[in-house]
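Colleague: Here it is: the structure, laid out below.
The values are calculated or read from the model by the stated rules, or taken from the named source; none is laboratory data. Everything quoted here is computed from the prediction, not taken from an experiment. Neighbour counts run over all protein chains shown; Cβ positions are idealised from the backbone, glycine included. Ligands, DNA and RNA are excluded from the accessible area calculation, which covers all protein heavy atoms including side chains. Shrake-Rupley method; radii C 1.70, N 1.55, O 1.52, S 1.80 Å.
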Amino acid sequence: MHKDSASAGYRLRVSGLALIRQRRRWLLLWGGVTVLLVRPTYAEAPEESWQLPGGAAREGEPVWEAAEREVLEEIGRTRTPGRLLIVDYIRGRQEKQRAPGYNFVFDFGFVRRGARFVLPAPPGTGEPAELDAWAWVRPAELDDYCQDYQAARIREALKAARRWRGRARMLRRGLRPS
């Protein structure tokens, strides 16, 4: 057993994220698809910190179940995760007391045009909402909404989700390791 392993008390975050898409006939690039993003209220720069729905797994919870639970909590919809698209390693940030971790992106499929989502308020009195908005975003506009590594992760997830040639990808902060 190594001293720097999770079994030696080293914290490791594991999150399940959902790639939810909508077909748009007027879009030619990326097969006419938009991606569902949510905006967290806790981010330092919320306008530039949109992300895929999902969140951290609880102790003993499989990551695909965490993704399913978080989608229900965040957008008020029950959806079953499909195949694994992305495993993205994110380094820890000691100055922010943030542990390193892995983000698993699952294919949650397509929803019909006009689908609306509910951003539920958290249970409890006086707690602020975790999310304050959702949006359908074209892949070409991801840089306007997301941090660079988030946009790169989403683009790689879209490539991995392609029906005929797509396959799961391993990333490091949104980029393929070289």
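Colleague: Just the ratio, please: alpha-carbon radius of gyration of the range 34-121 over 2.2 N^0.38 Å, N its number of residues.
Modeller: So the Cα radius of gyration is 1.15 times the expected 2.2 N^0.38 Å.
Colleague: Would you check the accessible area of Ser49, probe 1.4 Å, heavy atoms only, in square angstrom rounded to 10?
Modeller: 10
Colleague: Compute the distance in nm between two label points, each set 7 Å from the Cα along the Cα-to-Cβ direction, one at Glu95 and one at Arg11.
Modeller: Output for this residue pair reads 1.8 nm.
Colleague: To the nearest 0.05, what FRET efficiency results for Glu141 and Val118 with a Förster distance of 30 Å applied to their C-beta separation?
Modeller: The value I calculate is 0.80.
Colleague: Please report, as a whole percent, how much of the solvent-accessible surface of the range 37-178 comes from carbon and sulfur atoms (probe radius 1.4 Å).
Modeller: Roughly 47 percent of what the probe reaches on the range 37-178 is carbon or sulfur.
Colleague: Using modelled amide H (1.01 Å from N, peptide plane; none on Pro or chain starts), what sits under 5 Å from the amide H of Ile86, excluding residues fewer than 5 places away?
Modeller: Under 5 Å from the amide H of Ile86 lie the amide H atoms of Val105, Arg169, each far enough along the sequence or on another chain.
Colleague: Quick one: Karplus J couplings for the range 167-172, per residue in order, coefficients 6.51, -1.76, 1.60, θ = phi - 60°, nearest Hz, x for Gly and Pro?
Modeller: My calculation for the range 167-172 gives 8, 4, 10, 9, 10, 10 Hz in order.
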